[in-house]
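The values are calculated or read from the model by the stated rules, or taken from the named source; none is laboratory data. Everything quoted here is computed from the prediction, not taken from an experiment. Here the Cβ is made from the backbone with ideal geometry for all residues, glycine too, and neighbour counts use every protein chain on show. Heads up: the accessible areas ignore ligands, DNA and RNA and are worked out on the full protein's heavy atoms, side chains in. Shrake-Rupley method; radii C 1.70, N 1.55, O 1.52, S 1.80 Å.
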Amino acid sequence: MLPSVSLLLAAAVGTSAHYTFPKVWVNSGTTADWQYVRKADNWQNNGFVDNVNSNQIRCFQSSHSPAQSTLSVAAGTTITYGAAPNVYHPGPMQFYLARVPDGQDINSWTGEGAVWFKIYHEQPTFGSQLTWASNGKSSFPVKIPSCIKSGNYLLRAEHIGLHVAQSSGAAQFYISCAQLSVTGGGSTEPGSNYKVSFPGAYKASDPGILININYPVPTSYKNPGPSVFTC
């Protein structure tokens, strides 16, 4: 079997420009890599997903394996998702949640179907160039909505590298999924207008994915995916 384009590119340019999202923690604590995060296929080479129609666009896993354990967190809490070594490329950070259906095991649930809703996306600063605050950082706070139902969830972290995204299929997606047990939640279920599937949520031609951020410098940016759900 031939290696994927992303693995070839990772080998060609080295892993220093690439990154993983291997951990989540609460407050000032920290955790081991892949303790609460499902081990992504880039855990050794720091590669990326470049095909939005691939099943890997969901949690960057070619074959499903659970996290070592599930992190318990109260609804309304801000947790931190960590990158290793850091986010190197310009582009938006985004977070999605998907609730595990009652009666199903979080360790075996794969997150298929229109079950994902976005809880955060990052807009750039506009000027002589587009800049994103996530660029160069290794930790990213994300608030778990206070109104969502208690239960088990997958938290999907996604950073989209747009430095060479002027060609179709050239945007770089750095992804992983953490396992959460949300307690003390409300009764809100995000509507179908907020929910998407992976793959399915994105097209390679979406303006937030196929974009030249270098010249001419854009004066607006539309994040791919649905609107952000808020309580």
Q.
In Å², and per residue, what accessible area does the chain have when probed at 1.4 Å with the other protein chains present?
A. 44 Å²
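Carbon and sulfur atoms: what percent of the 1.4 Å accessible area of the chain do they account for?
For the chain, the apolar C and S fraction of the accessible surface comes to 50 percent.
What FRET efficiency comes out for the pair Ser167/Thr188, r = Cβ-Cβ distance, R0 = 35 Å, nearest 0.05?
0.30
Take each of the peptides 97-110, 199-212, 165-178, average the number of other beta-carbon atoms within 10 Å over its residues, and list them starting from the highest.
Numbers: 97-110: 14.7, 199-212: 16.4, 165-178: 20.7.
Ranking the peptides 97-110, 199-212, 165-178 by packing returns 165-178, 199-212, 97-110.
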Q. Along the charge dipole of the stretch 81-231, which of Gln172, His159, Ile213 sits closest to the positive end, that is, farthest toward it, with unit charges on the beta carbon of Lys, Arg, Asp and Glu (+1, +1, -1, -1)?
A. Ile213
Q) Which whole-number percent gives the relative contact order of the chain, counting Cα pairs below 8 Å spaced six or more residues apart? A) 25 percent
Q: Just name one of Asn223, Thr183, Gln44: the one whose Cα is farthest towards the positive end of the charge dipole of the chain (beta-carbon charges, Lys/Arg +1, Asp/Glu -1).
A: Thr183
Q: Return the percentage of antiparallel bridges among DSSP beta bridges fully within the chain, rounded to the nearest 5 %.
A: 85 percent
Q.
Name the residue from Pro145, Asn193, Thr30 whose Cα lies farthest towards the positive end of the charge dipole of the chain, charges +1 on Cβ of Lys and Arg and -1 on Cβ of Asp and Glu.
A. Pro145
Q) Classify the stretch 112-231: rounded, prolate or oblate, from the alpha-carbon gyration tensor (a ≥ b ≥ c, eigenvalue square roots; a/c under 1.5 rounded; otherwise prolate if a/b is larger than b/c)? A) prolate
Q. Leaving out ligands, DNA and RNA but keeping every protein chain, what accessible area does Thr30 have, in Å² rounded to the nearest 10, with a 1.4 Å probe?
A. 100 Å²
(Q) Using the Karplus curve 6.51 cos²θ - 1.76 cosθ + 1.60 with θ = phi - 60°, what ³J(HN,Hα) values do you get for each residue of the stretch 183-188, in whole Hz, with x for Gly and Pro? (A) 10, x, x, x, 10, 7
Q) What does the charge dipole of the chain about its Cα centre add up to, to the nearest 20 debye, if the Cβ of each Lys and Arg holds +1 and the Cβ of each Asp and Glu holds -1? A) 220 debye
Q: Please compute the Cα-Cα pair-distance distribution of the chain with 5 Å bins starting at 0, giving whole percents from short to long.
A: 1, 7, 15, 20, 21, 17, 11, 6, 2, 0, 0
